[in-house]
Every structure is written in structure tokens, then in C-alpha cells.
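First comes the structure, then the notes that go with it.
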Amino acid sequence: MLRRAFIGSLLLLSLASSRAASGADAAALWSGKVRRILDENCVKCHGVLEQKGGLELDTPEMVLKGGDDGAVVTAGKPEESVLFTSLEKGADPHMPPKKQLGDAERAAVKEWIAVLPETPIAAEPVKPKDARKFGSGEEAIDTLISEGWARVGVKPAAAVSYAVWCRRVYLDLAGRIPTQAELAAFVAAPQRDGLIDKLLAAPEYAVRMRELWDTFLMGRLPRGNPDGRRKGSGWWVFLEKAFKDNRPWNEVVYDVLCARPDKAPDRKGAAWFLFERKNDFQKIAEAVAPVVYGTKIDCAQCHDHPLAREIKQAHYWGLVAAFNRGKNVDASTAVAESAVGGYMNFTNLKKESQPAVVTLLTGRTLPEVWPGGETKEKDGPEMYEDPKAAVRVPKYSRREAFAEAATQDNPLLARAFVNRMWAALTGRGIVNPPDEINERNTPSHPELLEWLAQDFAAHKYDTRRVVREIVRSRVYALGASDAAPELFAGMKERPLTAEQLARSWRVAMGLPPNDDEFRRQVITAMPDVLPEDYNATFQQAQFLSGSPTMTALLQAAQPGSITRLAALPDAGSRVREAFQSVYGRAPDAEEAAQAAAFMNANADHPAEATRDLLWALLTSAEFLAMP
């Protein structure tokens, strides 16, 4: 199965090139190692929520500031720094209490203090006015990523072959491997831009994007119910049409947030995003935040975010308030909205009560007059656009006001989309995890993220443009690399989604790619979509090695591919053809010898041997991963 990708510790690309080496090393160690160690072991008592001894340990600046008893770090001298010596075995006082950090963790803290410059050098954010000009996204990506390689002395991986690139781009844009004819045609005349444009214009692209964004926006449904009502509600139609027509992303998100009854069939399904959450306004808020802000805000429910200082409790409950006037209309799968009510307070850990007003993470607060004293609002027909409508729309809609603010003057929306698509197409976000763009997660390439986000917004949130520029880039065409993954010096290994596997297995067997029942069964067994770390389960191993689903697939291929391969004149020919149909390549010498030996050992049953060989290839690590 797939090996677990190693998360490297260097984040040098976020640093200005003019820094001294020690400052760069310290910043990289903090971002890559030390911050995580302190977050997991120290920040609960020495962070945003609590500052025992007046000490905060959530930023380098606060660490260097020290606490009530003075400095805890002496730059360049870990043995004289309380932050390090208190971690040693037998230290008194010992930190963290009742726990001993591992040798590697203590060594990381020691190394960070050792390379700290006497005067801290803070990273300067890239300012929009200072953004460089590039002719295209491809040029911006290639230039800024290459500069990062040069700064740290990393050599990128070699580019993959035309055949591997072709397989990769078909999987990403069509959700399947190419047929042998499609692969041969491209290798014979490798016009990359032409193939990209062809795939982006094909119906399969809209389906593939719908599959990804259905999962990003809604999550997987429970096991055994892979489709639920999402298909019948029009949600799938809405998403597919949006990508097919290349609708501006901010308009798509606006429709999702407003959830208005709409006569257009392709817009009606937008309401399902809210409807499926069954009037659970906290779940709605937690689902909306990664879309419009690029980060989760779940941790701010009971208090300000303990790690990301910019995320306040007011943001969480303000987002809840944006939707708490809604109510599902079960008969129509619509989400109605009241013109009144929805006023609520939230309480922090100090038992202080505050009004929940709609406050965006951008700093903008939507104005709204609350009724005072004993005044009660009247919910009359004059407060609605059409009082007789089955699903009434208020003249002032809190939900619509939020949707307008979140999609019209919100740079976080563009950043969230491009970072998520970058992760989907390369295996890792520029900010990683891709749904945690906050001050605790440093962008590996801040200038690139800012440029792509601004370019996306400047081109009217053209989703197809973003995808095209990423897959045209040099980064997308690289092979594997042992360099830290945030350097993007090679393509990160990533498992195929269930939908990609279901179609690709059928294509490899010479069958039509789409079979809904087969797809559902594969999703049930292998539901993960772009996991941060891949770990195969026992159930997945069973599915791949002996499930009725896989047996039925091979049986369906028996009259065609298997019979054709079994009829070839010798074992070597069958092996070469099997590798070509499944992997799109010839076997190497060792593979050819082992597979031919197996075929010859079962020469009395060529069809069964061919089936077993194909089964082994289809369920191998090579097939299950992006090439």
C-alpha cells in the first residue's frame, strides 16, 4: 500500500532572501518543529487563554519577551535558557508538569534556541502593492517555486514522461486513466495545452470537480449511503453546471449561502448545502468558515481560538447568527428565512455575555438594530418580498447580507479556493492543511498564494483558469522527490479517490468508465478524499483482495479483455499487454520475468492466470496512487 508521506520541517520559502542564515534557520525550525511542540504541550497554560507566570509561548516574539520572572530564552545559549533546561529530565521545576518530552522534541527546542539571532527577525508579509507582475499563472508558479528551490539549494525532481503526465492529467481532470488509444495518441503527438483544454471542456471535468467539491463542502455521507439525497435534490446538478459553465466562484458560493428558491433547475439544488444540516446552525457555521475564510473556526465556540489569535469567539457566534433565522421546508428541500428574531448572546469562559452580531473574519461587522427592552418585533407580511410565496424571502435578509459581504469584498474567499485546488492537484496546500489558513500555519510560498488569489479575483473568480495554470506548470509535471514536501520539488504521492479508482479500474479492463452501483461500492470501501496521511484499513485490504465487487469487475471483463489477453501466443505477450492496459507502460525486466513465470506456472489455465495477474496489477500500490 501507499507509504505515509513524510512531512518535512523546512519552511524557508516564507522568509525574505536578504535574511542572515541564523534568522532563516530559526524561523524554519519554529514553523516546522518548535511551534507544534509548544502548541501540543505548553500553550494550554501559556497562550491566548491563560498566561501562567505571565508567560506566553505561542509566538517567537512572546517567547522572547519572557514572563513575570524574566526571560526564558537567551538567544544562542540553550543551556542558559529556562525554556530548554526545564524540559530536561530531573529539572526542578520541570515542564511540562507530569510529562516528559521525547529526545527529538527537546533537541528541536535546543536547536531553535541555538540558532536564534540576538535581534529577532520577523517575517514580513507580502503586500499586494509590492506584488510582482507575471504574464500568467504558469509563469508565476514556475518563477516563485524555482526561486524557493534556489534559496535552499534543492534540486527539483526530473519531469515525468509524456505517458505519466498524460495519465496524471486524465486522472485529475477527467477522473479516470486514459484509454490505451488516448494515451497512444498523446504520446505520438504530445500537445499538452491542447489536451488540457480538451479535458477542461469535456463533461467529465464538471463531474470530477463536482465530486471533489461535494466532498470538500459536504463531507462523505455515512457508509452504505454514498449518494443520499444529494443527487435527487439537485445539489449535484448545481455543482456540475457551475463547473461546466465556469460560473464565477463567488457567484456559486453566494447561491449556496443564500439558498433561495429559484425557478432555474440548475440553481435550485444550491439550497442543499444548508438543508442537509437540518437547522443545526453551528454545523452550518463550521461548514461555511473553510469556504469563505479558508480556515476552520470550530475551536472558537467556547473561547477565542487558543492558537490562531485572529479567530475570536465573536466570529464563531456571528457566523451562527448569520444563519439562525433559517428553517428547512421539508416538502421542497428549501430553506426559508424569517425577517425577525435570531437575536442571541454567547458567553465566554469568564461568564461574560456578549451579543452575537454578524462579524466576519475580515473585520467587517454587518449593521443591525436589535430590539430594545421589552420591545417585540412583529413578523408581518409587509416584511417579505412576496408574502404569499411558499418559501418567503424577507426584504432584509441577514443571510443574504452575509452572503454579499462574504463573496464581494472578501480576499479570503479567493485564497481559500486557490489553496484548496492547489492541494487537490499537487497533494499539499501552499498552506497546509488546506482548510487551516490562519496565523498558525505559515504559507510555504506566501507571494505565490497571494498572487494566485489576486489573479483569481481579478479574472472574475474563473475556476477553470486556476486549474489550467496549475496543471500547465512545471511543478505539476515533476516526478517524486525526497525533498521536504512544502518545497514542491517533486509531486507528492497521493491516493486516488474512490471515484477515480472505480472509473479507472473499468477503463483498464476495457469497460465503459461509468457504473453507478460499482462506484457506490468502491466509495463505501474507500471513502477518503485527499487525506493528509494515508493508512490502509483492514476493510480496504479485504475489499481489494477478495471482495465480490472486484470479483464481479473481473467477471465483466472476462468476455473482452481477459479473453483477448489469454489468447495471445505466449506468456511474455500477455504480460506486456496486461501492464500496458493497466499501467500504461511496459514492465521492467524484473516485473516481466516474475509475471511470466507466474503465467507459465499456470499455463493450463490461461484465462484464470490472466485474471489473477490483472487483479494483482489493479490493486497494487502503483495503480492506487497518482502517478
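Every read-out reported here was derived from the displayed coordinates using simple, explicitly stated rules and does not represent laboratory data. Worth saying up front: this structure is predicted, and the values here are computed from it rather than measured. Cβ coordinates were reconstructed from backbone atoms using ideal geometry, including for glycine residues, and neighbour counts include every protein chain displayed.
When only the Cβ of Lys, Arg, Asp and Glu is charged (+1, +1, -1, -1), the dipole of the chain relative to its Cα centre reaches about 1140 debye. Counting neighbouring Cβ atoms within 10 Å and putting the fewest first, the residues W236, W451 line up as W236, W451. Relative to one another, the C-alpha centroids of the range 275-335 and the range 392-447 are positioned 14 Å apart. Taking 27 Å as the limit for the C-alpha separation, the pairs K77/K312; K278/K460; K198/K492; K327/K350; K231/K492 exceed it in the case of K77/K312; K278/K460; K327/K350; K231/K492.
Sequentially through the range 72-82, phi angles give Karplus couplings (6.51, -1.76, 1.60; θ = phi - 60°) of 10, 9, 10, 3, x, 9, x, 5, 9, 10, 4 Hz, Gly and Pro residues having no value and appearing as x.
Using only the alpha-carbon atoms of the chain as identical scatterers, what base-10 log of I(q)/I(0) does the Debye formula give at q = 0.11 Å⁻¹? Debye curve over Cα of the chain, log10 I(q)/I(0) at q = 0.11 Å⁻¹: -1.18.
Going from the fewest other Cβ atoms within 10 Å to the most, the residues M218, M421 appear in the order M218, M421. A dipole drawn for the chain from +1 and -1 charges on Cβ atoms has a positive end, and of S481, T365, A270 the residue lying farthest that way is A270. Under 5 Å between amide hydrogens, built in the peptide plane, is the criterion, and for A334 it picks out V329 among residues at least 5 positions away or on other chains. Can you bin the range 225-408 into rounded, prolate or oblate? Criterion: square roots of the alpha carbon gyration tensor eigenvalues sorted a ≥ b ≥ c, rounded for a/c under 1.5, prolate for a/b above b/c, oblate for the rest. Judged from the Cα gyration tensor, the range 225-408 comes out oblate (a/c at least 1.5, b/c at or above a/b).
Hey, what number do you get for the chain at 222 nm if only DSSP H runs of n ≥ 4 count, each worth -39500 (n - 2.57), divided across all residues, to the nearest 500?
Taking each H run of at least 4 residues, the total per residue is -13500 deg cm²/dmol.
Near the amide H of A625, within less than 5 Å, lie the amide hydrogens of L496, all on another chain or at least 5 residues away, with H placed in the peptide plane.
Students often check this: by mean Cβ neighbours within 10 Å, which of 329-342, 482-495, 89-102 ranks highest, and how do the rest follow?
482-495, 329-342, 89-102
Just to confirm my numbers, what's the Cα centroid distance between the range 489-507 and the range 60-103 in Å? Distance between centres, Cα-based: 46 Å. Relative to the Cα centre, the charge distribution of the range 17-115, modelled as +1 at Lys and Arg Cβ and -1 at Asp and Glu Cβ, gives a dipole magnitude of about 220 debye.
For L87, the residues whose modelled amide H falls within less than 5 Å of its own, excluding neighbours fewer than 5 places apart on the same chain, are M95. Going from the residue with the fewest nearby Cβ atoms within 10 Å to the one with the most, C166, C45 rank C45, C166.
In debye, nearest 20, what is the charge dipole magnitude of the range 498-624 about its Cα centre with +1 on Lys and Arg Cβ and -1 on Asp and Glu Cβ, if you could check?
Values: 9 positive and 16 negative charges, 80 e Å.
The calculated dipole for the range 498-624 is roughly 380 debye.
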